[in-house]
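What follows is a single structure, written as structure tokens, with notes after it.
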Amino acid sequence: MTYHTVSTPNVEVLARRTLIAIAMPPPSPPHRSSSIPSSTLPVIALTSVVAVGIVVGALAWDNVANKGALTRGMLYGGGGGGDSSSSSARTPRTTRDEAERSAAARLAKLEAKKRRNLDYFRVSLVPQGHRWLRLVGDDAGGEEEEGVVEALVEGNACSRETVEQIERDIPRTFPHNEYFDDAQVQASMRRVLIAVSVSYPEIAYVQSMNFLAGFLLLHCKTEDATFSLLRHMMSSPTLRLKDMYSPGLPLLFTLARAVKTLVAMKFPALARHLAAIDLEEPLLWCQSALMTLFTFTMDYEVCEATMDVFLARGWPGVVRVLLRVVDLEREALMRADFEGAILLLKGHIEFDLDKESVNSAQREGFLTTEEEAALTESCLQ
């Protein structure tokens with residue numbers, strides 16, 4: 001892993017770049033194994049909303065630098081928010097300035113999260129994955145099938161490109177967790193992802209699946225249990241995770257439309273402000289959370305709570321969490337310009353979201369019964 005540092009005598013610029021690298025890492029488009037020439041990928045990244053991509057944490061900076069992804073066009077998805085001067089003319093910049101001055105605090109939170117996760121891993125003796133398997137027990141794919149991963153890997157029908165992309169992404173997955181430094185664990189993760197790609201050839205492999213598979217492997221401990229739970233989530237008629245990764249990412253865009261609609265319904269003044277600063281599209285700040293089910297945050301207590309919600313309530317439970325984030329940052333967002341709002345929302349998801357917020361979002365009235373039913377129906381279409 002190569003670490004890149006910013007060299008500048010300007011302390012304010014250093015703080016700004018440090019915060020962006022940590023709290024709002026530049027995204028890259030999710031990789032999908034396909035016949036598309038690699039030379040066309042930058043064009044796709046610059047012309048698609050999907051260019052917001054997968055936030056892989058602070059250590060993704062080397063990948064970003066090497067690929068030249070830190071461009072204003074990619075960072076803002078080609079939107080008008082890239083013009084910071086026009087944004088500041090419309091909205092006070094105090095929120096962004098405050099956020100940038102808190103770079104040291106964000107770094108401290110990241111270090112604290114690393115230590116908390118390591119302590120959590122060392123003392124966690126009961127694999128949560130088996131509890132999740134029991135939770136979905138009677139549904140299709142809800143039981144561990146011994147030997148299924150070995151059988152699928154032996155009959156590997158993956159393309160060479162798919163296998164190579166999986167192998168590139170494995171070392172980037174949870175780099176701060178000592179569990180994933182183990183060569184045997186990395187081999188297990190590789191085998192699970194190959195088994196998934198063989199089982200769903202129409203999808204093969206999409207970046208962000210590595211975070212979810214790694215998180216489940218951490219909790220399930222065995223390849224077969226990890227694959228069984230992941231396959232349930234992909235194929236369940238109520239969860240349909242495979243639609244998140246299918247060509248065109250249909251479920252991702254369905255959920256983004258739902259979040260946009262619900263923000264407008266629940267927080268109309270804020271929705272008007274977000275439109276004024278060119279931040280109407282939720283994918284600019286919540287794509288990584290949706291595609292990885294928050295696992296990219298590396299906060300395992302939050303991830304566990306979100307997984308409980310997802311398996312019990314489906315996507316409406318996840319949308320509730322995003323609405324909770326918006327609600328908690330609502331006052332600050334009303335003062336923010338485009339960049340400040342991005343920092344607030346992404347920073348809250350990655351650094352400030354906690355287990356209590358995830359659970360309280362399920363109790364509080366963010367969604368009525370009718371709204372939740374409508375959202376569930378739209379996800380199943």
Would you calculate the separation in nanometres between label points at ARG272 and ALA157, each defined as 7 Å from the Cα along the Cα-to-beta-carbon direction? 5.6
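Find how much the distance from GLU377 to ARG131 grows on full extension, using 0.36 nm per residue of separation minus their present alpha carbon separation; answer in nm with one decimal.
Taking GLU377 through ARG131 to full extension adds about 85.8 nm, to one decimal.
Taken together, the values in this text are just the output of simple stated rules run on the coordinates, not laboratory data. Computed from a predicted structure; not experimentally measured. With ideal geometry, Cβ positions are generated from the backbone for all residues, glycine too; neighbour counts draw on all protein chains shown.
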